[in-house]
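Have a look at the structure below, then the notes.
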Amino acid sequence: MKNKIKAPIYKLGVALSGGGARGFAHLGALQAMTELGLKPDIITGTSAGSLVGVFFADGYSPAEVMELFSKVKFGEFASTTIPQDGFFKTTGLQSFLKKHLRAKTFEELQMPLRVVASDIEKGETVIISSGDIAPAVVASCTFPIVFTPVKIGGKHLVDGGLFMNLPVSIIREECEKIIGVNVSYTTTMPYSRSLKYIIERSLHHLMASNALADREECDYLIESEDITKFPLFELDNAQQIYQKGYEVSSNYFEQHKKQLAHDFMQDTPIESKGLLDALKELAIAKVRKHVK
C-alpha cells in the first residue's frame, strides 16, 4: 500500500533565517507582508529569525519590536564570563524576553512558532515548538564561542545556523505556500586582516552554504546583497537594515504580484492595479459575501 501524502494544514508559512543584526530586515519584510494582508499561519526562525519571529507570533507589530530594541545595547543582552565555553553569558537576553513577551510558553503564542537550535554534542538540528519560550529562543541565538551554550532537556544547544540557517524544510509538507526571508545571502567582501573579519566571514559562509537546499523549497524567496552587506554584530544600523528589508520585500512583492494573486487572491484580478488595492477589494468582497 502506498503511503498517503498528508494535505497541508497551513495556507502560508514564513521562514526567517539567522543573520545577527541583519535580522532587523525581517521586521521590514514582515511590515511589507502586513501591509499587503499576507498573514502567516505559522512561523519558523533560526537565531535572529527566531528572535523576530517570537515577537511577531506574540502579537507585536514590526514597529513595536523596533521600538523595543531601539532602547537596548548589546551589553544589556550579554555579560562577560571567564572564557570556558563562551566569552559571554546570555542571561541578559533571556531576562529581556521574559520581561517583554506576553506569552511564556509556545502554547500561549497567537500563532504556531518553531525555533531552530543545534545540539553541539550530537551535531544535529533541534526543533523546539513547545514549553518555555525564552530559553529556546536564546539557544537559537547562541553563537558558539561568542556565547555559552544553553542547556535544555539535558542537551547543550547553540545557534541553529550551524546546520539549518533557513528553516523551510521543517514545515514544507505542512504549508501550501512558504515565504522565505534569507538575510545571509552569499556575498563577497574585501579581505581585512582582523579577527573580527575572519569570524564574521566564516559564520557568513557557514550560514549561507547550509541554506542552499532550503532556498530551493521556498515558493517566494526574499534576499538581497543590499541586506547582507551589513555586519553581523553591529546594532547601530538597525533602522537602516529595517528600511532596506522593507524596500527589498515591497519591491519583490510588486514584481511577483501576479503569482501572489494566483496563490492568495484567486477571485480578484490585479493586472491593472496595485497589490495592496487588490487585497483591500478582496477583503471587502468576502465581507459582502458573508453578509449576504
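Annotations for the structure displayed:
- Counting only protein chain heavy atoms and rolling a 1.4 Å probe, the accessible areas of 221, 12, 195 rank, largest first, as 195, 221, 12.
- Using the Cβ-Cβ distance between residue 122 and residue 197 with R0 set to 45 Å, the FRET efficiency works out to roughly 0.90.
- Across the cross-link table entries 11/258; 39/258; 6/177; 39/229; 122/151, which are compared at the Cα atoms, the separations over 20 Å belong to 39/229.
- Charge tally for residue 185 (other residues, Cβ to Cβ under 13 Å; Lys, Arg +1; Asp, Glu -1): 0.
- Residue 102 accessible area, 1.4 Å probe, all protein chains in place, Å² to nearest 10: 130
- Approximate spin-label separation residue 132-residue 262, in nm, with each point projected 7 Å along Cα-to-Cβ: 4.8
- Net +/- balance of residues flanking residue 153 in space, Cβ distance below 15 Å, scoring K and R +1, D and E -1: -1
- Rolled with a 1.4 Å probe across the full set of protein chains, the surface gives residue 151 an accessible area near 140 Å².
- Here the gap between residue 169 and residue 107, fully extended at 0.36 nm per residue and compared with their Cα-Cα distance, gives a gain of 20.1 nm.
- Near residue 152, the amide H atoms lying under 5 Å from its own belong to 157; only residues 5 or more places off or on other chains count, and H is placed 1.01 Å from N.
- For residue 218, solvent-accessible area (1.4 Å; no DNA, RNA or ligand), Å²: 20
The values are calculated or read from the model by the stated rules, or taken from the named source; none is laboratory data. In this text, all values refer to a predicted model and were calculated from it rather than measured experimentally. No Cβ is skipped: glycine too gets one built from the backbone with ideal geometry, and neighbour counts run over all protein chains shown. Calculation scope for accessible area: heavy atoms of the full protein, side chains included, ligands and nucleic acids excluded. Shrake-Rupley method; radii C 1.70, N 1.55, O 1.52, S 1.80 Å.
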